[in-house]
Amino acid sequence: QVAFVESGGGLVQPGGSLRLSCVAFGFWFRDYHTAWFRQGPGNKREMVAAISNDQETFSYSDSVNGRFLISRDDAQKTTYLQMNALKPEDTAKYYCNSVRWGTERDPHSVYFDWGQGTQVTVSS
């Protein structure tokens, strides 16, 4: 059964850093592109970062470009999101999923069901 387990969220002050992890289960992880999405209170789910399966192509939303870094470890079936210079507007629940390149920004085009996510709260 396909599943994603996200972790690493928490409460952090503005300007701080967090590293999120997402472990995938139940499919051949290395064949798929992956992405991190987030959904804040009252907001639609949006893509923040994506990485191709060959780790040569990346995509970032304008709001996080230069602050967040996505990476993956195929042997561990894990996708990471290093988040630096966090802002209160980064407060959201963060999710990962496998995506199709070309529609990687569309949360309705992901391959699998969503996991539980991990909550990130940026506040002083």
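The values are calculated or read from the model by the stated rules, or taken from the named source; none is laboratory data. For clarity, every value in this text was computed on a predicted model and none was experimentally measured. Cβ sites come from the backbone with ideal geometry, for glycine too, and all protein chains shown count toward neighbours. Heavy atoms of the whole protein, side chains included, go into the accessibility calculation; ligands, DNA and RNA do not. Shrake-Rupley method; radii C 1.70, N 1.55, O 1.52, S 1.80 Å.
Output yes when any residue across segment 54-69 is touching a Leu at 6+ places or on another chain (Cβ under 8 Å) and surrounded by fewer than 17 Cβ atoms within 10 Å (Cβ to Cβ), and no when none is.
First, the residues of segment 54-69 that are touching a Leu at 6+ places or on another chain (Cβ under 8 Å): 67-69.
If we keep only those that are surrounded by fewer than 17 Cβ atoms within 10 Å (Cβ to Cβ) as well, we get 67, 69.
Yes, segment 54-69 contains a residue that is touching a Leu at 6+ places or on another chain (Cβ under 8 Å) and surrounded by fewer than 17 Cβ atoms within 10 Å (Cβ to Cβ).
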Filtered residues of segment 103-124 (kept if open to solvent by 50 Å² or more (accessible area, probe 1.4 Å) and over 14 Å from the mean Cα position of the chain (by Cα)) | Thr103, His108, Tyr111, Asp113, Ser123, Ser124
Considering segment 24-46 alone, what residues qualify as being in contact with an Asp or Glu (Cβ under 8 Å, 6 or more places away or on another chain), among the hydrophobic types (A, V, I, L, M, F, W, C) and either over 21 Å from Val99 (Cβ atoms) or modelled with pLDDT of 95 or more (or both)?
-> Ala35, Phe37
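When only residues in segment 10-19 that are small (Gly, Ala, Ser) and open to solvent by 30 Å² or more (accessible area, probe 1.4 Å) count, which is nearest to Ile70 (Cα to Cα)? Reasoning before the result, please.
Initial filter on segment 10-19 (small (Gly, Ala, Ser)): 10, 15-17.
Now narrow it down to the ones that are open to solvent by 30 Å² or more (accessible area, probe 1.4 Å): 15, 17.
Details: Gly15: 18, Ser17: 14 Å.
Out of the qualifying residues, it is Ser17.
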Failed condition for Gly40, given (1) closer than 16 Å to Gln119 by Cβ; (2) open to solvent by less than 30 Å² (accessible area, probe 1.4 Å); (3) among the small types (Gly, Ala, Ser); (4) in contact with a Leu (Cβ under 9 Å, 6 or more places away or on another chain) = (4)
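Can you tell me which residue is least open to solvent (accessible area, probe 1.4 Å) among those in segment 70-102 that are among the aromatic types (Phe, Trp, Tyr) and either closer than 22 Å to Thr121 by Cβ or in contact with a Pro (Cβ under 8 Å, 6 or more places away or on another chain) (or both)? Spell out how you get there, then give the answer.
Within segment 70-102, the first condition is being among the aromatic types (Phe, Trp, Tyr), and the residues that meet it are 80, 94-95, 101.
Filter once more, so that each one left must be either closer than 22 Å to Thr121 by Cβ or in contact with a Pro (Cβ under 8 Å, 6 or more places away or on another chain) (or both): 80, 94-95.
Details: Tyr80: 42, Tyr94: 0, Tyr95: 25 Å².
Per the stated criteria, the residue is Tyr94.
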Taking interchain pairs and intrachain pairs at least six residues apart, which have beta carbon atoms under 7 angstrom, with the first residue in segment 3-28 and without any contact (Cβ under 8 Å) to a residue 24 or more places away in the chain and the second in a strand (DSSP E or B) and of a type in the set (Phe, Trp, Tyr)?
-> none
